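Novice: My questions all concern the structure below.
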Amino acid sequence: MSVVKREIIENLVSSTKDVNISIFIPTHKKGEEGKQDSIRLKNIIQKVKSELQELGWKESRVEKLFEDVYAKTKENQFWLHQDKGLALYVNEDYFDFFKIPVSPEENYYIAENFLITPLLELQNHHGIYHVLVLSQSETKMFKIAPDATVKVEFESVPTSMEEHLKYHVHERSMQHHTGASGNGAVFHGQGGEGDDNAKELELFLKHIENKVTKYLKKNNGPLILAGPDRLVAYYRKANKYTNVLEEALSGNADNKSVKEIEEESWEIAQSYFRQEIESDIERFNNLQESDLISTDVAEIVKSAYYGKVDTLFVPMGFRQFGAFDPQENRVEISDKLNGQTVDLINFAAVSALKTGSTLYGLQHSEVPKNSGLAAIYRYRS
C-alpha cells in the first residue's frame, strides 16, 4: 500500500519555478526487465535535455539540472526496491521522486507546473488500521499505516494456547497434542470434551479481546480479523470494540508474511477508506438538477482558478490540452501539447489544490458521468 499525502503534493506545487520537469516511467521489482529501468530513465532524460536546449538552455545549465537525479539513481539500492512506476520531479531548486504502485505511460512534461494528477489517486490510500491474526499457535496484531507496518506487542496476556494453558488452572484434564508443525497446542474435541475445548478457546480469545479493545479505544480506526472461521466467530462473540469490519481474512494466516497480510487486508480496508469518496460521488449525483456541479472541462478550469470548486474528481490517465487566459477568462481546447498549451486537467487540479478544494484521483469509469473532469462547486456566480 502506497500513499502520497496531500501535504506532499502541496509542497510539490509550491516548489515550482518557471520551468518544471515531470518524468514518469513504468518500473519492475526484479528480473531482466528491472535492469532496463535505469536505461529507460536515461533515455527519457536525454529527450528532456534535447527539448530544453531547443528552448535555449545552455548545455551546462541542463547538466546541472539533473545532477541530483543522477546521484540518486546511481545508488545501488535505488533500483532494487522499485514498485510498478517511478515519478520524478525536477527544477533548478527542487528534486523529489515517488515509487508508485501503478504503471504509468512512459512520458515527460515540461511546463509551468509539475504534473501532479498521477499522484492524486495515491491520496486515496490513507488511514491507519489494524489486523488481528487469530491463531492457537501465535495470535498477533499489526498496525498498518501508509508508510509503515509495525507489530503491536501485548504484555501480560498469553498469545498462544500453549501459554494460556500454562497460566490457567483447570478442574478437569484437557486432551491436547502438539501439532506436527511444532506450532504449539492445538485442540480438538473427542466426545464430551469438544465443549470443554470450545470453552477454553473462547476464554483464550476473551483475554486477547480485552487487551485489543483496551488498546484500540486509545488508537481508534478499523480492525480487520484474520484467521480460521471458528476463531473469528469466537472472537466476534467476545468483542466489545465498535469498529471491527464485517469482512475478515479467512483461513490460517500463521505462515503469511507481513507483506501478504498488508496486501490482502488492504483489499478490505480500502472499501472502508473509500466511504468519503463514495459519499462525495453520491453528493454529486444528488445535485443533478443543480448548477452546483459540472463536467465541462473549460468551465471547471476557470472555476478552479477562481476558487469556486469545492470537490474535484480527476480521472487517472486522461489528459486534455489547451490554454487558459485569466485576463480574458477564456479557455481554448487543443488536441496537442505545445509551447502555448498545457494539460488543462492538471492545471485545474493545481488550482483546486491551491484554493483548498478536496481532490480525488479516480479511474475514469469511477468519475461521475464517466467524464474527463467533474466538480462540485462552492458557489456559482
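The values are calculated or read from the model by the stated rules, or taken from the named source; none is laboratory data. A quick note: this is a predicted structure, and the numbers were derived from the prediction, not measured. In this analysis, Cβ positions are derived from the backbone assuming ideal geometry, glycine residues included, and neighbour counts consider all displayed protein chains. What goes into the accessible areas is simple: the full protein's heavy atoms, side chains included, and nothing from ligands, DNA or RNA. Shrake-Rupley method; radii C 1.70, N 1.55, O 1.52, S 1.80 Å.
Novice: Would you pick out the residues in segment 331-381 that are within 27 Å of the chain's Cα centre (by Cα), open to solvent by 20 Å² or more (accessible area, probe 1.4 Å) and hydrophobic (A, V, I, L, M, F, W, C)?
Specialist: Within segment 331-381, F347 is the sole residue that qualifies.
Novice: Mind checking which residues of segment 69-111 are in contact with a Gly (Cβ under 8 Å, 6 or more places away or on another chain), open to solvent by less than 30 Å² (accessible area, probe 1.4 Å) and assigned to a strand (DSSP E or B)?
Specialist: I100
Novice: Something else: So how many residues does segment 216-237 have that are on the phi < 0 side of the Ramachandran plot and either in a loop (DSSP other than H, G, I, E, B) or surrounded by fewer than 17 Cβ atoms within 10 Å (Cβ to Cβ) (or both)?
Specialist: 10
Novice: So which of E278, E267, E282 is open to solvent by 40 Å² or more (accessible area, probe 1.4 Å) and over 15 Å from P368 (Cβ atoms)?
Specialist: Values: E278 fails: over 15 Å from P368 (Cβ atoms); E282 fails: over 15 Å from P368 (Cβ atoms).
Result of the check over E278, E267, E282: E267.
Novice: Of all residues in segment 45-56 being surrounded by 16 or more Cβ atoms within 10 Å (Cβ to Cβ) and out of contact with any helix residue (DSSP H, G or I) (no Cβ under 6 Å at 6 or more places or on another chain), which is nearest to K99 (Cα to Cα)?
Specialist: Filtering segment 45-56 for residues that are surrounded by 16 or more Cβ atoms within 10 Å (Cβ to Cβ) and out of contact with any helix residue (DSSP H, G or I) (no Cβ under 6 Å at 6 or more places or on another chain), the one nearest to K99 (Cα to Cα) comes out as I45.
Novice: Being assigned to a helix (DSSP H, G or I), in contact with a helix residue (DSSP H, G or I) (Cβ under 9 Å, 6 or more places away or on another chain) and modelled with pLDDT under 95 is true for just one of I268, I281, I277. Which residue is that?
Specialist: Details: I268 fails: in contact with a helix residue (DSSP H, G or I) (Cβ under 9 Å, 6 or more places away or on another chain); I281 fails: modelled with pLDDT under 95.
Every option except I277 fails the conditions.
Novice: Then there's this: Specify which of the listed residues (E162, E155) is open to solvent by 70 Å² or more (accessible area, probe 1.4 Å), outside any loop (DSSP other than H, G, I, E, B) and either on the phi > 0 side of the Ramachandran plot or not β-branched (V, I, T) (or both).
Specialist: Values: E155 fails: outside any loop (DSSP other than H, G, I, E, B).
Exactly one of E162, E155 is open to solvent by 70 Å² or more (accessible area, probe 1.4 Å), outside any loop (DSSP other than H, G, I, E, B) and either on the phi > 0 side of the Ramachandran plot or not β-branched (V, I, T) (or both), namely E162.
Novice: Among L52, L41, which is the only one that is more than 28 Å from A348 (Cβ to Cβ) and part of a helix (DSSP H, G or I)? Let's see the steps before the verdict.
Specialist: Details: L52 fails: more than 28 Å from A348 (Cβ to Cβ).
Only one candidate qualifies: L41.
A quick yes/no check of all residues on (1) in contact with a helix residue (DSSP H, G or I) (Cβ under 8 Å, 6 or more places away or on another chain); (2) free of Cβ contacts under 8 Å to residues at least 40 places away in the same chain; (3) crowded, with 16+ Cβ neighbours inside 10 Å:
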{"residue": "A304", "(1), (2), (3)": "yes, no, yes"}
{"residue": "T311", "(1), (2), (3)": "yes, no, yes"}
{"residue": "G322", "(1), (2), (3)": "yes, yes, yes"}
{"residue": "Q327", "(1), (2), (3)": "no, yes, no"}
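Novice: Would you check which residues across segment 349-369 are hydrophobic (A, V, I, L, M, F, W, C) and part of a helix (DSSP H, G or I) and list them? Walk me through it before giving the result.
Specialist: At the first step, the residues of segment 349-369 found to be hydrophobic (A, V, I, L, M, F, W, C) are 349-350, 352-353, 359, 362, 367.
Result: A349, V350, A352, L353.
Novice: If V131 meets every condition in (1) closer than 25 Å to S265 by Cα; (2) in a helix (DSSP H, G or I); (3) in contact with a helix residue (DSSP H, G or I) (Cβ under 6 Å, 6 or more places away or on another chain) apart from one, which number is that one?
Specialist: That leaves (2) as the condition not met.
Novice: When you check D147 against the structure, is it open to solvent by less than 60 Å² (accessible area, probe 1.4 Å), charged (D, E, K, R) and modelled with pLDDT under 95, yes or no?
Specialist: Answer is no for this residue.
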